Amino acid sequence: MSDAKAEILGRIRSSLSDHPQPAEPIRNYRKVSDKSQAEVLEMLIDRLVDYKANVFEETEETIAQRIAEQLGKSSRYVVPTGLKNEWLPEDTAARTRMVDSGNDQKSGALSLRELDAVDAVVTSSTVSCAETGTIFLTSQEDEGRRAITLVPDHHICVVPLDTVVELIPESMRRVDFNKPVTMISGPSATSDIELIRVEGVHGPRTLDVIILK
Amino acid sequence: MSVTQLGMPQVRHGVGNIFETEPFPKYAERELKNEQLRANLGFATHKIRDKRAAVTGELPDWQDLRTAGSMIKQKVMANLDTYLEEFERNFTARGGHVHWARDAHEANEIALKLIQAEGVDEIIKIKSMATAESGLNEYLEENGINAIETDLAEEIVQLGDNDRPSHILVPAIHRNRTEIRDIFRKKIEGVDPNLSDDPAELAEASRFRLREKFLSTKVAVSGVNFGIAETGTMTIVESEGNGRMCLTLPETLITFMGIEKILPTVEDYEVFLQLLPRSSTGERMNPYTSTWTGVTPGDGPQNLHVILMDNGRTAALADEVGRQALHCIRCSACMNVCPVYERAGGHAYGSTYPGPIGAILSPQLGGIENEFNSTLPYASSLCGACYDACPVKINIPEVLVHLRGKDIDAKKAKKKQIPTQMDGLMFGAKKLFSSGKLMALAEKGLPMSKLVTGKDHKISKLPGLVGGWTDYRDIPEPPAQSFRNWYKKERPSETKRVAGERVDIDALIAQNKNKVAEAHAAAEVAATDKPAPKTEETK
Amino acid sequence: MRIALFSTCIVDGMYPKVAKATVDILERLGHEVVYPQGQTCCSQMHVNSGYFDDAYPIVKNHVESFEEWDFDVAVAPSGSCVASLGHQQPMIAERKGDDDLARRANQLASRTFELSELLIDVLGITNAAEQLDSYFPEHVTYHSSCHGMRLLGLGTRQSDLVRTVEGIQYTQVEGLDQCCGFGGTFSFKNADTSGAMVEDKVANIEKTGASVCTGGDVSCLMNIGGALSRKNSDVQTIHFAEILASTKENPLKVNGPVSLTGGSK
């Protein structure tokens, strides 16, 4: 044990020589939603719009068309390996899809420069919390490594309907914290200047959320 | 490091930016004269106050969350050694490196060695209170390493000449948009010379300046919001994406973590994830929250370090009343509601930690007897707004009063100290207030006050310590006779003891439980209320 | 009911008419008021200034002087002093190792009420005009003192009673929950910050157009009134007990400009 560690632990024990015995925390806050799925979805959309995210409701049939529209006529975009191909539009002369392998130490991963040069990223997501308007990315195969949803300026994120819950505790139950987790509540923003919220600083300045029914 | 022997246990105070640098009243007097500062602060604190009130008010279980948060923190402090070792075990098992630092100097030295080992002379940083406390940037600069702050507000402060943060959440709260535009025009190379003061354009200028740094810098330094013992997980909440950049793109990440930042479990984390954003920015959730649990191959920094820093935290832990200051999650709600902070501003507190929390944290971390820390606990009217706002229910007024007691006890213990005016005032008042008879006698002298009040029937100038009162207000002419002496004359024959049953007050209160609502309803009906005056702030 | 009056030191020495008004209201309701003559102060000034050792004999005096008397409840026309009894006196006794005094202080605190609390919660008063004959034809605003509001949780009790007084016109002040800057010795130890606070408070009060600012703590009212006087304002500060005590037969006279609440007039 390092000297510093031993000394700090010793100080802590000495400081606690009164042996405080606090009670076990009381957790009376809400852990399970009492709202219908429709109400929860409405709440999620309300929060996302409040954060200035663009929200669309699509089906398996219409999602590819929606993604094509959001990407625009001409774009180079990146997707993680596990993303469903059926969700994505066909490549055209002006629209190119790039697949990132998810491991920047192995081949098939875009370099940071390459990521900086793409126009957009399309991913899925693990769970979304309606009450706070928060989408959880948890390093799954269809979400990719963290850099791909960070460096491009435009994030198109698919939220399958059955991943929408109301509360933070409900969301947390669906997340494995052994892998990196990124919680996204709207596009990058700052309130550092006169407390005025401005969307778009260093992270993606545009967040499109597609609720997949 | 200063060591104070206060019986057992021995406490070791910290070093670094945890000191008031001159007496608070003097510092505040100067800051109060800065009209621009007062306008900026008033505008910003009121705006964020309203936002916080709205988003905490909409949660039906806000008080339950506060209770849980407070109790979890008590549990953490009571078992701090166990949780720290558990955290170290789990973080290490996942490929991370844990370092322990007794104080800020040691933490800075560890960081410098780690940076030098990577062979770089420039690092990027996420806003971090712990590194501000330790003075890391200045230390690195002395050792030839350039630390670039990437949080917009920290960037504004770093680019501003001789500026320093004045708020823990919005460090540039003392600057308005025009001042920021001027700083950016002067300091950002290649920026549009016609850059406007539109906040969106200013944010764009920051993106332009920092993007290349994010893509090319090999080492990042961060603080941390919480470290979870059971998994070894660390987390940072942020807004701009600069945090994600620093946590994801560099090869090496060095994280400063105060030893009190630990949470036992992921279940505990869910409480703080709800408490923190609403209390700090007044948002339902901050735009980005990142968690990392050790090294993930192929994703993010492969070289992870955490520096666990004491720097006076164990000294605070030794104080049974004061230790609750360690529950602080750095949300800044207390300073946003504080009438003293609102007017004097954050710089007046000297330390990295301003506002009410700073007034109880700095004297405990750095020692109340050191520099001018003893003036901080008095920088409050004890109005209690901070306690109401605190998401983990730190009873700041209670600790403020407790620390005032410590200050007076310490000063009295210094034998040779000449009694101050305040000591004299308190001694005299003690004598008087210890006996009703003495009070009655002293109050016979009230008519004498006519000699000083004069024809205006008021006192407009007092000497010495209490002269501060008459700098801003008059004192009314005291009455010719005190209530006590009037009463004694009017009702000379009151009996102390009477036979008979006493009324059951609790039963009466239970019987009247609807009366508060009834009185309010009566007021709403009866009052010929006039409309509130229209001002720009009235909604 | 036999009600013991805790006048508080500042009302006793500076604002006797507030104590007289309190006696007046309670006797009007048919209660017997007694005044334990040994009482002085709650000790708050010493405690809040850090002089804990000096506070101890004051606490002891308070508890003992009330224990000498039989009464059903005690009342004080001050939220701050009542809060101090429960929040501070036991702590001061405990620090001195006097657990017995701490217990007795707690007991006394549990049956000492702030005036509006006594009137509404204990005596069931909900309408000052109807039940107290209160009459005060003035335009009034109100300052909600911090300790009553936050430590005692008085809510709107004081202003509700004031608003039900016959003839009164009421305008709520902007920033009602904001401290006036008094804070005991804070007002001169941090005179400039305190001065800035009271300047803002006074500006908001003047914006209401009211001629009177009432409240439940004379210390805050002395602070506000002193600052109003300094800027030669016409607005006066008056404790709400005096407003409740005012009747058509015996109305409270509002004097001309720059008349502070204190004084012998």
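The values are calculated or read from the model by the stated rules, or taken from the named source; none is laboratory data. Model, not experiment: these values are computed from the prediction. Please note: Cβ atoms are built from the backbone with ideal geometry, for glycine as well, and neighbour counts cover all protein chains shown.
Pairing each residue of segment B:487-504 that is within 15 Å of C:A19 (Cβ to Cβ) and outside the structural domain of B:A440 (by TED's automatic domain parsing) with any residue that is assigned to a helix (DSSP H, G or I) and not hydroxyl-bearing (S, T, Y), provided the two are 6+ apart or on different chains, yields no C-beta distance under 7 Å.
If a residue has to be crowded, with 24+ Cβ neighbours inside 10 Å and free of Cβ contacts under 8 Å to residues at least 60 places away in the same chain to count, how many in segment C:160-181 make the cut?
First, the residues of segment C:160-181 that are crowded, with 24+ Cβ neighbours inside 10 Å: C:160-165, C:168, C:179-181.
Checking which are free of Cβ contacts under 8 Å to residues at least 60 places away in the same chain leaves us with C:160, C:163-164, C:179-181.
Counting residues in segment C:160-181 that are crowded, with 24+ Cβ neighbours inside 10 Å and free of Cβ contacts under 8 Å to residues at least 60 places away in the same chain gives 6.
Let me confirm something: among B:V295, B:V306, which residue is away from every other protein chain (no Cβ under 11 Å), touching a strand residue (DSSP E or B) at 6+ places or on another chain (Cβ under 6 Å), farther than 29 Å from C:E199 by Cβ and modelled with pLDDT of 95 or more? Give the derivation first.
Details: B:V295 fails: away from every other protein chain (no Cβ under 11 Å).
Being away from every other protein chain (no Cβ under 11 Å), touching a strand residue (DSSP E or B) at 6+ places or on another chain (Cβ under 6 Å), farther than 29 Å from C:E199 by Cβ and modelled with pLDDT of 95 or more holds for just one of B:V295, B:V306, which is B:V306.
The residues of segment C:182-211 include none that are more than 8 Å from chain B (Cβ to nearest Cβ), touching a helix residue (DSSP H, G or I) at 6+ places or on another chain (Cβ under 6 Å) and surrounded by fewer than 23 Cβ atoms within 10 Å (Cβ to Cβ). Against the test of being in contact with a helix residue (DSSP H, G or I) (Cβ under 7 Å, 6 or more places away or on another chain) and more than 7 Å from every other protein chain (Cβ to nearest Cβ), the options B:A101, B:A117, B:A111, B:A93 yield a single qualifying residue, B:A111.
Note on segment B:150-167: residues that are surrounded by fewer than 21 Cβ atoms within 10 Å (Cβ to Cβ) and in a loop (DSSP other than H, G, I, E, B) total 5. Among the residues of segment B:65-78, is any within 23 Å of B:S362 (Cα to Cα), assigned to a loop (DSSP other than H, G, I, E, B), in contact (Cβ under 8 Å) with a residue 12 or more places away in the chain and touching a Pro at 6+ places or on another chain (Cβ under 9 Å)? The answer is no, given that none of the residues of segment B:65-78 is within 23 Å of B:S362 (Cα to Cα), assigned to a loop (DSSP other than H, G, I, E, B), in contact (Cβ under 8 Å) with a residue 12 or more places away in the chain and touching a Pro at 6+ places or on another chain (Cβ under 9 Å). All conditions in (1) free of Cβ contacts under 8 Å to residues at least 40 places away in the same chain; (2) surrounded by 24 or more Cβ atoms within 10 Å (Cβ to Cβ) hold for B:E109, with the sole exception of (2).
Remark: A:G186 matches the filter, which requires a residue to be part of a loop (DSSP other than H, G, I, E, B), in contact with a helix residue (DSSP H, G or I) (Cβ under 8 Å, 6 or more places away or on another chain) and of a type in the set (G, A, S).
Hey, can you tell me all the residues within segment B:180-190 that are more than 9 Å from chain A (Cβ to nearest Cβ) and either touching a residue at least 24 places away in the same chain (Cβ under 8 Å) or surrounded by fewer than 18 Cβ atoms within 10 Å (Cβ to Cβ) (or both)?
In the first step, residues of segment B:180-190 are kept if they are more than 9 Å from chain A (Cβ to nearest Cβ); the result is B:181-190.
Selection gives B:D182, B:I183, B:F184, B:R185, B:K186, B:K187, B:I188, B:E189, B:G190.
Does B:M245 satisfy being outside any loop (DSSP other than H, G, I, E, B), closer than 26 Å to A:R146 by Cα and within 25 Å of the chain's Cα centre (by Cα)? No; evaluated as a whole, the condition is false for this residue. Of (1) farther than 22 Å from B:R497 by Cα; (2) facing chain B (nearest Cβ under 7 Å), C:Y56 satisfies all except one. Which? Tallying (1) farther than 22 Å from B:R497 by Cα; (2) facing chain B (nearest Cβ under 7 Å), C:Y56 fails exactly one: (2). Taking the criterion of being within 44 Å of the chain's Cα centre (by Cα), surrounded by 13 or more Cβ atoms within 10 Å (Cβ to Cβ) and over 17 Å from B:G428 (Cα atoms), the residues of segment B:438-457 that qualify are B:S449, B:V452, B:T453, B:H457. In segment C:63-70, is there at least one residue being facing chain B (nearest Cβ under 8 Å), touching a residue at least 40 places away in the same chain (Cβ under 8 Å) and either buried (at least 24 other Cβ atoms within 10 Å of the Cβ) or more than 20 Å from the chain's Cα centre (by Cα) (or both)? Yes, some residue in segment C:63-70 is facing chain B (nearest Cβ under 8 Å), touching a residue at least 40 places away in the same chain (Cβ under 8 Å) and either buried (at least 24 other Cβ atoms within 10 Å of the Cβ) or more than 20 Å from the chain's Cα centre (by Cα) (or both). Being without any contact (Cβ under 8 Å) to a residue 40 or more places away in the chain, among the charged types (D, E, K, R) and at the interface with chain A (Cβ under 10 Å from one of its Cβ atoms) is not true of B:E283.
Of the set (1) at pLDDT 95 or above; (2) in a helix (DSSP H, G or I), all apply to C:F188 but (1).
Quick check on segment C:71-88. Is at least one of its residues farther than 25 Å from B:E494 by Cβ, facing chain B (nearest Cβ under 10 Å), surrounded by fewer than 22 Cβ atoms within 10 Å (Cβ to Cβ) and out of contact with any strand residue (DSSP E or B) (no Cβ under 9 Å at 6 or more places or on another chain)? Scanning segment C:71-88, I find at least one residue that is farther than 25 Å from B:E494 by Cβ, facing chain B (nearest Cβ under 10 Å), surrounded by fewer than 22 Cβ atoms within 10 Å (Cβ to Cβ) and out of contact with any strand residue (DSSP E or B) (no Cβ under 9 Å at 6 or more places or on another chain), so the answer is yes. Condition test on C:V140, is it of a type outside the set (S, T, Y), at the interface with chain B (Cβ under 10 Å from one of its Cβ atoms) and in contact with a helix residue (DSSP H, G or I) (Cβ under 6 Å, 6 or more places away or on another chain)? Taking the combined requirement at face value, the residue does not satisfy it. The set of residues in segment A:1-57 being part of a helix (DSSP H, G or I), without any contact (Cβ under 8 Å) to a residue 60 or more places away in the chain and within 8 Å of another protein chain (Cβ to nearest Cβ) consists of A:A4, A:K5, A:E7, A:I8, A:L9, A:R11, A:I12, A:R13, A:S14, A:S15. Scanning segment B:32-46 for residues that are assigned to a helix (DSSP H, G or I) and over 18 Å from the mean Cα position of the chain (by Cα) yields B:L32, B:E35, B:Q36, B:L37, B:R38, B:A39, B:N40, B:F43. With respect to (1) within 14 Å of chain A (Cβ to nearest Cβ); (2) over 27 Å from B:A104 (Cβ atoms); (3) in contact with a Phe, Trp or Tyr (Cβ under 8 Å, 6 or more places away or on another chain), the lone exception for B:E201 is condition (3).
Could you list, in sequence order, the residues of segment B:460-491 that are closer than 17 Å to C:D12 by Cα and assigned to a loop (DSSP other than H, G, I, E, B)? Residues satisfying the conditions are B:E477, B:P478, B:P479, B:A480, B:Q481, B:S482, B:R491. Of all residues in segment C:94-137, those being within 27 Å of C:P57 (Cβ to Cβ), among the acidic types (D, E) and part of a helix (DSSP H, G or I) number 3. Checked against the criterion of being acidic (D, E), surrounded by 16 or more Cβ atoms within 10 Å (Cβ to Cβ) and either in contact with a Ser or Thr (Cβ under 8 Å, 6 or more places away or on another chain) or farther than 30 Å from B:E88 by Cα (or both), the candidates A:E42, A:E69, A:E58 yield just one match: A:E58. Restricting segment C:29-71 to residues that are part of a helix (DSSP H, G or I) and β-branched (V, I, T), the residue that is farthest from B:L382 (Cα to Cα) is C:V63. For segment C:212-219, the criterion of a residue being part of a loop (DSSP other than H, G, I, E, B), within 17 Å of the chain's Cα centre (by Cα) and surrounded by 24 or more Cβ atoms within 10 Å (Cβ to Cβ) is satisfied by at least one position. Taking into account only those residues within segment B:273-324 that are among the polar types (S, T, N, Q) and more than 30 Å from A:Y29 (Cβ to Cβ), which is surrounded by the most Cβ atoms within 10 Å (Cβ to Cβ)? So the residue we want is B:T314.
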